[in-house]
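Undergrad: Input: one structure, supplied below.
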Amino acid sequence: MSLPENNSALPLDEIDLRLLRMLQANSSLTTKQLAAKVNLSTTPVFERIKKLEKTGYIKNYVAVLDAEKLQKGLTVFCNITLKEHTRIIGNQFVKDIVSLEEVVECYNISGDYDFLLKILVKDMKEYQNFVLNHLGSVKNIGSAQSTFVMGEIKNSYAVPI
């Protein structure tokens, strides 16, 4: 199975796809461990991984942390509508949101809202402080609607391939 080419993307063979799946599941696997799983020696596996990084298939390696243990167990999704829609206002909103460490994800969306934010805080009191002192200082927000996560059912960072 080979994924279609787009721009500078290279076609991937089954070994590339297997490597990507394994790295998504556990990016701490060594080249030696990966090579054993795909029945290749370490050098071609190392070269394949470097190619996947260089061509942008692999964007980054991260450790997935437990937010609850780090006192950031309240997840809030906040829908934002801007008062005005101009390039300058939109760019300033994005710049302001990116600077807020509580906002861990931000999406420009279609529909009734302009942006969807994923926010991690300790508890409701910390969220109230965040809204009043940080989000409230971002200019041109027309409305904000918050949805609080009661329980996480599925959370995957993996791209289905």
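The values are calculated or read from the model by the stated rules, or taken from the named source; none is laboratory data. From a predicted model like this one, the values you see are computed outputs, not experimental measurements. All Cβ positions, glycine included, derive from the backbone under ideal geometry; neighbour counts span all protein chains shown. For the accessible areas, the whole protein counts, side chains as well, though only heavy atoms, and no ligand, DNA or RNA atoms are used. Shrake-Rupley method; radii C 1.70, N 1.55, O 1.52, S 1.80 Å.
Undergrad: Picking from L116, L82, which residue would you name as being in contact with a helix residue (DSSP H, G or I) (Cβ under 7 Å, 6 or more places away or on another chain) and at pLDDT 95 or above? So that I can check it myself, show each step before the final result.
TA: Working: L116 fails: in contact with a helix residue (DSSP H, G or I) (Cβ under 7 Å, 6 or more places away or on another chain).
Result: L82 is the single residue among L116, L82 that is in contact with a helix residue (DSSP H, G or I) (Cβ under 7 Å, 6 or more places away or on another chain) and at pLDDT 95 or above.
Undergrad: Moving to a separate point now. Failed condition for A158, given (1) within 30 Å of L19 (Cβ to Cβ); (2) in a strand (DSSP E or B); (3) of a type outside the set (V, I, T), with all others met?
TA: Every listed condition holds for A158 apart from (2).
Undergrad: Taking the stated definitions as given, is Q24 touching a residue at least 12 places away in the same chain (Cβ under 8 Å) and within 30 Å of Q145 (Cα to Cα)? Write out each step before concluding.
TA: Details: touching a residue at least 12 places away in the same chain (Cβ under 8 Å): yes; within 30 Å of Q145 (Cα to Cα): no.
Taking the combined requirement at face value, the residue does not satisfy it.
Undergrad: Taking the conditions exactly as written (modelled with pLDDT of 95 or more and touching a Cys at 6+ places or on another chain (Cβ under 8 Å)), does V98 satisfy them or not?
TA: Yes.
Undergrad: Please find, within the stretch 93-139, the residue that is farthest from Y157 (Cα to Cα) out of those that are part of a loop (DSSP other than H, G, I, E, B) and open to solvent by less than 50 Å² (accessible area, probe 1.4 Å). Lay out the reasoning, then the answer.
TA: First, the residues of the stretch 93-139 that are part of a loop (DSSP other than H, G, I, E, B): 99-102, 109-114, 122-123, 134, 138-139.
Going one step further and asking which of them are open to solvent by less than 50 Å² (accessible area, probe 1.4 Å), we end up with 100, 102, 114, 138.
Details: L100: 22, E102: 19, D114: 23, V138: 29 Å.
Looking at the filtered set, the residue picked out is V138.
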